[in-house]
Amino acid sequence: MSQENTWIIVTGGSRGLGLGIIEDLLKHSYAVATCSKTKSQALDSLLARNEGNGRLFYQSCQVGLETDEEEFLAAATRWAGERRLHGLINNAGITGEGILATYPKVNIEEILRVNLLGAIRMARLVLRIWLMAYSSGRIINISSIIGNRGYTGLAAYSASKAGLDGLTRSLAREVGSRQITVNSIAPGYLDTEMSSSLRPEQRSQIIRRTPMGRLGTVNDVVPLVRFLLSEEASFINGQTISVDGGISC
């Protein structure tokens with residue numbers, strides 16, 4: 001299948017890993033539709049560089065709000081035209097640190113709504129397209145090693161990512177017969193804006209515990225995303241693949 005005739009949805013594409021994934025996919029001739037609650041300067045620059053070539057679409061969308069999700073997908077589908085939808089990358093996510101007993105209920109609900117419920121609904125919307133129109137496709141959920149290992153002060157975040165991995169396993173069984181694969185990528189601690197809130201002592205401790213002796217980068221993850229979208233990965237299904245420098249060994 002020619003990448004020029006396909007398009008990929010990447011949620012949460014304004015910064016960090018999401019932006020890196022989009023940049024990589026564009027370099028490899030995919031068309032990409034992305035959304036985020038707000039646009040970053042880096043995404044604005046990327047949109048400007050791709051203006052006129054018809055390969056990058058953006059619409060503001062708060063993942064976790066059903067009407068926003070539906071409007072984004074409808075607009076993106078109109079933009080894509082005759083291109084074939086090949087993949088959904090559920091990357092949108094938020095974090096928040098605090099002991100559960102005192103952590104605000106509204107923040108807990110927002111984390112679960114964005115990280116888990118939003119991903120479930122996006123998958124549901126995309127599967128309706130695939131199951132009605134044609135077989136085959138790729139869903140990649142961006143999880144976290146926190147979903148498997150846990151971390152003090154990140155109970156709600158950990159629960160949301162563990163839920164994503166459960167979604168991955170169940171959906172893989174549900175839609176595999178239609179040649180739709182569903183996998184999770186569980187990054188370790190990446191050197192992105194999301195990890196910028198780490199205290200220096202936390203950062204140093206994580207680096208010490210990582211066999212590779214450093215935090216991960218966006219460039220450590222994006223080749224795996226591209227591989228899972230490829231035909232070579234057509235028999236990889238229902239897996240959670242860690243990219244963490246060995247910290248979860």
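The values are calculated or read from the model by the stated rules, or taken from the named source; none is laboratory data. Small disclaimer: the values here were computed from a predicted structure and weren't measured. Note that each Cβ is placed from the backbone with ideal geometry, even for glycine, and that neighbours are counted across all protein chains shown.
Every residue, every condition in (1) buried (at least 23 other Cβ atoms within 10 Å of the Cβ); (2) closer than 26 Å to Phe227 by Cβ; (3) among the acidic types (Asp, Glu), yes or no:
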{"site": "Glu97", "(1), (2), (3)": "no, no, yes"}
{"site": "Leu100", "(1), (2), (3)": "no, no, no"}
{"site": "Tyr103", "(1), (2), (3)": "no, no, no"}
{"site": "Asn148", "(1), (2), (3)": "no, yes, no"}
- Report yes if Val218 is over 27 Å from Asn107 (Cα atoms) and surrounded by 15 or more Cβ atoms within 10 Å (Cβ to Cβ), otherwise no. no
- Message: Whether any residue in segment 219-229 is assigned to a loop (DSSP other than H, G, I, E, B) and aliphatic (A, V, I, L, M) is what I want to check.
- Response: no
- Message: For a quick check of your reading of the model, give me the residue pairs whose first member lies in segment 142-161 and is farther than 17 Å from Thr210 by Cβ, whose second is among the acidic types (Asp, Glu), with beta-carbon atoms closer than 7 Å and at least 6 apart or on different chains.
- Response: Ser143/Asp165; Gly147/Asp165; Gly153/Glu97; Leu154/Glu97
- Query: Name the residues in segment 81-96 that are under 25 Å from Thr168 (Cβ atoms) and either aliphatic (A, V, I, L, M) or in a loop (DSSP other than H, G, I, E, B) (or both), would you?
  - Reply: Leu85, Leu88, Ile89, Asn91, Ala92, Gly93, Ile94, Thr95, Gly96
- Query: Here are Leu43, Leu73, Leu47: which of them is over 17 Å from the mean Cα position of the chain (by Cα), at pLDDT 95 or above and part of a helix (DSSP H, G or I)?
  - Reply: Leu47
- Message: Just to verify a result, which residue in segment 235-249, among those that are touching a strand residue (DSSP E or B) at 6+ places or on another chain (Cβ under 7 Å), in a loop (DSSP other than H, G, I, E, B) and not β-branched (Val, Ile, Thr), is surrounded by the fewest Cβ atoms within 10 Å (Cβ to Cβ)?
- Response: Ser248
